[in-house]
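Single-structure report; data block below.
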Amino acid sequence: MPRDLPLGNGDFLVTFDSRYQLRDIYYPNVGQENHTVGEPSRFGVWVDGQFAWTGDDGWDRHITYEHETLVGDTTLVHSKLGLSLRFRDAVDFDRNIYLKEVTVEDALGRERHVRFFQHFDAHLYGNDTGDSAYYDPRSQAVVHYKGRRYFLVSGSSGGSAYGLSSFAIGQKDAPGKEGTWRDAEDGELSRNPVAQGSIDSVGMVAVTVPARGTATAVFWIAAGQAYEDVRELDKLVRERTPASFLARTKDYWRLWANKDEAIAEHLPDDINGLYKRSTLVIRTQVDNRGAIIAANDSDVLRFNRDTYSYLWPRDGALVADALDLAGYGEVTRRFFFLCGELITREGYLLHKYNPDGSLGSSWHAWSTPDGRLELPIQEDETGLPIWALWQHYDRDRDIEFIRPLYRKLVRTGADFMATYREPRTKLPAPSFDLWEERRGIHAFTTAAVWAGLTAARNFAVAFGQHELAKRYAVAAQEIREAALVHLWDADRGRFVRTISVMPDGTIVKDATIDISLAGIFLFGLLPADDERIRSTMRAVEDRLSVKTPVGGIARYENDYYFQVSSDIAAVPGNPWFIATLWLAEHLIAIAETPDDLDRPRAYLDWCARRALPSGVLSEQVHPYTGEPLSVSPLTWSHAAFVSAVQHYARRSRLIRDRLRDQVKTAGEVIV
């Protein structure tokens, strides 16, 4: 189930699903630890002897954000209860406080006594062993704790009425103990003040709603590493009021999202709105210590028994480049510093990392079946952070920032890439591809390594190390020349995605059409208007277009991941946002007239139509229904959209300027 509403501040992240259930609570890192392990923390309503959880059937739901903010704006209407609820949810931009404001409106024309129930299904540190919770009369709140993790749950019925009206704490997941949340369904709570083990809790706030009128209640959850931390946050909410925290968070993110107003000159409102939403969603997935997390949708556990809550250096580099394009260099610097800490002494970055920088799980082996060492790497993950770092420096020229990274990240990585080569072809030695599925010498990886070495050469020149610059330049040139020989297939008139060099020197080609071939121009190995790139991208569009009303571009031919159709001619694979946007990037790069921008704009329109109402983009969509598939949101999807929009606006501006110059040259009057 997609996460329609991620809300966070880089330390504290919460997510809601499409039924408006609070599903994930991450702290103190984005993506680590998940203190609910994806189990719903329910929100309930009791009125006139009737009860409903917001996740139940019977609600008409509209889940989105307040305009250009990270404040949720959700409306729920229940005709049987005769109530309309409006929720505003936010994680404070600075303090680790999640707030929920609910305004209830009567639809029956009589005074109503309404009780709200906030449930917390605790799995502190990501497990439900040894949790404790108690009612704290000092704060009139429920406090959950285990080790160095504390969560305080409290509320207010408005005005100066702070604290929970009632509470219950109990055990769950045991015979006869489904969960304390069941205690709320009669509108009353047991007021049991303590429990330990596998536990959950419910807090209640009651309001009186005038006929045809409204009333407002607020809940908040404070996160900290000691009781004093959460108690202090609770005091701040009471002193400053919940409304002030919601207001300042709205104002902060609206200011943050409006960094580049020039985009609006070139694109319609829906695309401009999704662009700003994408920058905000990306920010929720970036940990304040530098890790850029792929996704935080724990439902994928059902399919993979693992999550996407990791830093992949490749994905991180592409997201960082998009953020830099959009003007958020202050966010990306921490990512580059983290890469400098993570790179091995030998000069490569490994498969993926946990949000705290520790090594993540991997299915890449360290040895061949006969016991020989085989590096478990995707070498594009070493090349792209260095490439992205040069793009960052070339825009900002912040040499003081670069100086410590030059030796630690750039030189170490470039020395490895210059030598980790297949001896017969001089291409990069075999590693896993960007889809993490096959080992070989890949076009995308080759382009990424070339780009990383070229960036290292540029840095070496900047730091006056000309011998190193020459070494990196020679290695990059050898790789480029080898790519144009061995990865180009003259018979097919296009590049191939992968080659393998057999022990006898025979080269075996994998000619599967794959959107990753776009990497050859994306990273500058060849210009986008080179005829070899044009012919390759024509084949990509022809063979990977999804020929259903949903449309979009597949990842590669006969893509098995979440595959829903065996009709490969019509559905070569599910449409992916990044695949669709990489094709759009090529069309943007070769555009020469305003009319040439129509086709890439159509792909941007496609993304806007396939986004959730909240503006969230998934990894892929169902080829027949358009419903999100796999994780949602995928940070990479949003980054690809930001990048494509930035390049579109810049190309549009360039074309306009050229036309204006032509008019000036012709001596015509420009109005």
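Bear in mind that the values in this text are calculations on the coordinates, not laboratory data. Not measured: the values here are computed from a predicted model. FYI the Cβ positions are ideal-geometry reconstructions off the backbone, even for glycines, and counts take in every protein chain you see.
Figure the gain on full extension for E228 and D269 (residue separation times 0.36 nm, minus the Cα-Cα span) and round it to one decimal in nm. Please report the intermediate quantities before stating the final value.
Numbers: separation 41, 0.36 × 41 = 14.76 nm, distance 4.60 nm.
Result: 10.2 nm gained on full extension.
For the range 538-671, what does the convex hull of the Cα positions come to per residue, in cubic angstrom? Could you put the intermediate results ahead of the total?
Values: hull volume 14.9 nm³, N = 134.
For the range 538-671, the hull spanned by Cα atoms encloses 111 Å³ per residue.
In whole percent, what relative contact order does the range 434-473 give with Cα contacts below 8 Å and a gap of six or more residues? Intermediate values should be presented prior to the final figure.
Working: 20 pairs, mean separation 12.9, N = 40.
Relative contact order comes out at 32 percent.
If I model a spin label as a point 7 Å beyond the Cα along the Cα-Cβ vector, how far apart are those points for E111 and A365 in nm?
7.5 nm
Can you tell me the convex hull volume per residue for the range 229-316, based on C-alpha atoms, in Å³ to the nearest whole number?
Considering the Cα atoms of the range 229-316, their hull volume per residue is 180 Å³.
Could you give the radius of gyration (one decimal) and Dmax (whole number) of the Cα atoms in the range 176-323, in Å?
Rg, Dmax (Cα atoms, Å): 21.3, 62.
Return the aspartates and glutamates within reach of K259: Cα separation strictly under 18 angstrom, same-chain partners fewer than 8 residues apart disregarded; answer none if there are no such residues.
E66, E68, D251, D269, D270, D321, D324, E330, D396
Is the chain best put as rounded, prolate or oblate by its Cα gyration tensor, with a ≥ b ≥ c the root eigenvalues, rounded for a/c under 1.5, and otherwise prolate when a/b is larger than b/c, oblate when not?
Details: a/c = 2.01, a/b = 1.70, b/c = 1.18.
Judged from the Cα gyration tensor, the chain comes out prolate (a/c at least 1.5, a/b above b/c).
Rounded to the nearest 0.05, what FRET efficiency is calculated for R599 and R212 with R0 set to 51 Å and r the Cβ-Cβ distance?
Details: r = 52 Å, r/R0 = 1.02.
So the FRET efficiency works out to roughly 0.45.
Which trypsin sites (Lys or Arg not before Pro) in the range 1-84 pass both tests, a DSSP loop state and at most 11 other beta-carbon atoms within 10 Å?
Working: sites: R3, R19, R23, R42, R61, K80; in loops: R19, R42, K80.
Here the trypsin sites (Lys or Arg not before Pro) that fit, given the DSSP loop and packing criteria, are K80.
For the range 512-559, state which trypsin sites (Lys or Arg not before Pro) are in a DSSP loop and have at most 16 other beta carbons lying within 10 Å of their beta carbon. Each step should come with its number before you reach the end.
Values: sites: R532, R534, R538, R543, K547, R555; in loops: K547, R555.
Passing sites in the range 512-559 are K547.
Quick one: if you stick a label point 7 Å off each Cα along the C-beta vector at D186 and K547, how many nm between them?
6.3 nm
With only Lys, Arg, Asp and Glu charged, each at its Cβ (+1 for the first two, -1 for the last two), find how big the charge dipole of the chain is about the Cα centre; round to the nearest 20 debye.
Working: 78 positive and 94 negative charges, 192 e Å.
Magnitude of the dipole: close to 920 debye.
Give me the extension gain from F401 to E330: residue separation times 0.36 nm, minus the current Cα-Cα distance, reported in nm with one decimal. Can you show the working numbers first?
Values: separation 71, 0.36 × 71 = 25.56 nm, distance 1.08 nm.
24.5 nm is the gain from fully extending F401 to E330.
What Kirkwood hydrodynamic radius do you get for the range 357-460 when you take the inverse of the mean 1/r over all pairs of distinct Cα atoms, in Å? Kindly include the intermediate steps, with their values, before the conclusion.
Details: mean 1/r = 0.0682 Å⁻¹.
The answer is 14.7 Å.
If the cut-off is 20 Å between C-alpha atoms, which aspartates and glutamates fall inside it for K547, apart from same-chain ones fewer than 8 positions away?
D514, E557, D559, D567, D598, D605, E619, E627
How high is the relative contact order of the chain, given as a whole-number percent (alpha carbon pairs under 8 Å, six or more residues apart)? If you can, show how the numbers build up before the last one.
On the way: 1517 pairs, mean separation 73.9, N = 671.
Taking the mean separation of contacting Cα pairs over the length of the chain, I get 11 percent.
Bin all alpha-carbon pair distances of the range 377-425 at 10 Å intervals from 0 and give each bin's fraction as a whole percent.
Percent of Cα pairs in each bin: 24, 48, 22, 6, 0.
So which of K276/K408; K100/K352; K146/K177; K177/K235 end up more than 23 Å apart by C-alpha? If you can, show how the numbers build up before the last one.
Numbers: K276/K408 34 Å; K100/K352 34 Å; K146/K177 21 Å; K177/K235 34 Å.
K276/K408; K100/K352; K177/K235, as the Cα separations exceed 23 Å there.
What area, in nm² and to one decimal, does the C-alpha convex hull of the range 115-229 cast on average over all directions? Could the numbers behind the result be given before it?
Working: hull surface 30.7 nm².
Average of the hull's projected areas for the range 115-229 equals 7.7 nm².
Using only the Cα atoms of the range 68-136, what semi-axes does the equivalent ellipsoid have when each is the square root of 5 times a gyration tensor eigenvalue? Give whole Å, largest first. Intermediate results must be reported in sequence, preceding the final value.
Working: eigenvalues 177, 71, 24 Å².
In descending order, the three semi-axes are 30, 19, 11 Å.
For the range 11-60, state the average projected area of the convex hull of the C-alpha atoms over all orientations, rounded to one decimal in nm². Don't jump to the answer; show the numbers that get you there.
Working: hull surface 16.1 nm².
Mean orientational projected area (the range 11-60, Cα hull): 4.0 nm².
Using R₀ = 60 Å, calculate the FRET efficiency as 1/(1 + (r/R₀)^6) where r is the Cβ-Cβ separation of D491 and K80; round to 0.05.
Details: r = 67 Å, r/R0 = 1.12.
It comes to 0.35.
Among G58, S139, V71, whose Cα projects farthest towards the positive end of the dipole of the range 56-173, with charges put on the beta-carbon of Lys, Arg (+1) and Asp, Glu (-1)?
Going by the charge dipole, the pick is S139.
How many nm separate the modelled label positions at S358 and S566, each set 7 Å beyond the Cα in the direction of the Cβ?
4.4 nm
Hey, could you get me the Stokes-Einstein D for the range 267-406, Kirkwood radius over alpha-carbon pairs, 20 °C and 1.002 mPa s, rounded to whole µm² s⁻¹? List each step's numbers first, then the result.
Numbers: Rh = 16.3 Å.
Calculated translational D: 132 µm²/s.
Quick one: check the C-alpha center-to-center distance for the range 195-233 versus the range 128-181, whole angstrom.
Between the Cα centres of the range 195-233 and the range 128-181 lies a distance of 8 Å.
What percent do you get for the relative contact order of the range 360-446 when only Cα pairs under 8 Å and 6+ apart count?
Working: 74 pairs, mean separation 23.7, N = 87.
Here the relative contact order equals 27 percent.
Between the range 264-302 and the range 435-512, how many Å separate their Cα centres?
31 Å
List the residues whose amide H sits under 5 Å from the amide H of F495, counting only those 5 or more places along or on another chain, with H placed 1.01 Å from N in the peptide plane.
Long-range HN contacts for F495: D489, T536.
Could you work out how much longer the chain between I507 and D306 gets when fully extended? Use 0.36 nm per residue separation minus the Cα distance between them, nm to one decimal. Spell out each step's value before the answer.
Numbers: separation 201, 0.36 × 201 = 72.36 nm, distance 3.57 nm.
Value of the extension gain: 68.8 nm.
Any chance you could check the Cα centroid distance between the range 318-380 and the range 556-618 for me, in angstrom?
27 Å
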